[in-house]
Every structure is written in C-alpha cells, then in structure tokens.
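Just below is one structure, and these are the notes that go with it.
The values are calculated or read from the model by the stated rules, or taken from the named source; none is laboratory data. The structure presented is a predicted model; accordingly, all values stated were derived computationally and were not measured. In this analysis, Cβ positions are derived from the backbone assuming ideal geometry, glycine residues included, and neighbour counts consider all displayed protein chains.
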Amino acid sequence: MNAQEYKRRREGWNVLDFSTLDVTRKYLAESGRIQLAESINNILANNGIDKPDLHNSIAGQQADYYTVNLPFEDVKSIVWMFGDMEVGALDDDYGTTPAASFHASMLDKWNELILHQGGDGA
C-alpha cells in the first residue's frame, strides 16, 4: 500500500485511532460491558489498517488506525455511555470541566459513526 491509499483508508467514516478505541475499551470494561469491550479488543486485534512500507511517523501502536465494524446498536450504546459520562463530569453549576470536555470529544467521535450508519445521533 502506498501513502495515498493509506491516507484514504484512515480517513474513512468508520475508522478510529488506537487511543480512542483503547480508552473506549477501558471504560466499557469498567462499566461492566465486557462483551462490548471484547468486541473492541477484536477490532484492535484484527481490523488494523496496514501502514505503507515506508511509513514515517511516531513509533508504537498509538499511531495505528482501525476499521470499526460494530453493529449500530453497539455504537449507540457507546455513544450513550460517553454522553452519560460527559453529563456526570459537569461541575455543580453544570459547567464544563476537563473531564466533561474529554468525554464530549469521545462522544463526538463515536457519534460520527452513528451519523454515517444512518442513525440520527445522540
């Protein structure tokens, strides 16, 4: 695969980066959604987008991208999880906090998948 093909594939609507998937997996496991966390493990193990032979980026798995092939209902469950986490991280006056902003950014990434799968988002 050449650099152009790699760029095209990693910019697909159903592609997420390692960090997003890893954090999602951890939160799913912590919340008792073990089967869905295992689905994320499966994506990390089997759905990586191969880098070009001469790829010149930061070392390590954090630079990897993965094709997400979860059913709509699973993605929706993840969106709801991050939505709940965002609201739960607001301060006493319902103002944003760093944690709420982080959860909102995660929610946005997963919500984008719902929008492309034909859902109406959260």
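Points worth noting:
- The set of residues from the stretch 75-103 being within 18 Å of Phe18 (Cα to Cα) and surrounded by fewer than 18 Cβ atoms within 10 Å (Cβ to Cβ) comprises just one member, Phe102.
- Scanning the stretch 65-116 for residues that are at pLDDT below 95 and in contact with an Asp or Glu (Cβ under 7 Å, 6 or more places away or on another chain) gives a single hit, Tyr65.
- Positions within the stretch 62-111 being more than 21 Å from Ser31 (Cα to Cα) and either hydrophobic (A, V, I, L, M, F, W, C) or in contact with a strand residue (DSSP E or B) (Cβ under 9 Å, 6 or more places away or on another chain) (or both), in sequence order: Gln62, Ala63, Asp64, Tyr65, Tyr66, Thr67
Residues are listed down the side, and each one gets a yes or a no for (1) out of contact with any strand residue (DSSP E or B) (no Cβ under 7 Å at 6 or more places or on another chain); (2) crowded, with 16+ Cβ neighbours inside 10 Å; (3) in a loop (DSSP other than H, G, I, E, B):
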{"residue": "Glu5", "(1), (2), (3)": "yes, no, no"}
{"residue": "Leu16", "(1), (2), (3)": "no, yes, no"}
{"residue": "Thr24", "(1), (2), (3)": "yes, yes, no"}
{"residue": "Gly32", "(1), (2), (3)": "yes, no, yes"}
{"residue": "Leu36", "(1), (2), (3)": "yes, yes, no"}
{"residue": "Ser39", "(1), (2), (3)": "yes, yes, no"}
{"residue": "Ala45", "(1), (2), (3)": "yes, no, no"}
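- Contacts under 8 angstrom Cβ, first residue in the stretch 83-95 being more than 19 Å from Asp108 (Cβ to Cβ), partner among the polar types (S, T, N, Q), 6 or more apart: Asp91/Thr97
- Residue count for the stretch 9-52 satisfying the condition of being closer than 27 Å to Asp84 by Cα and of a type in the set (Asp, Glu): 4.
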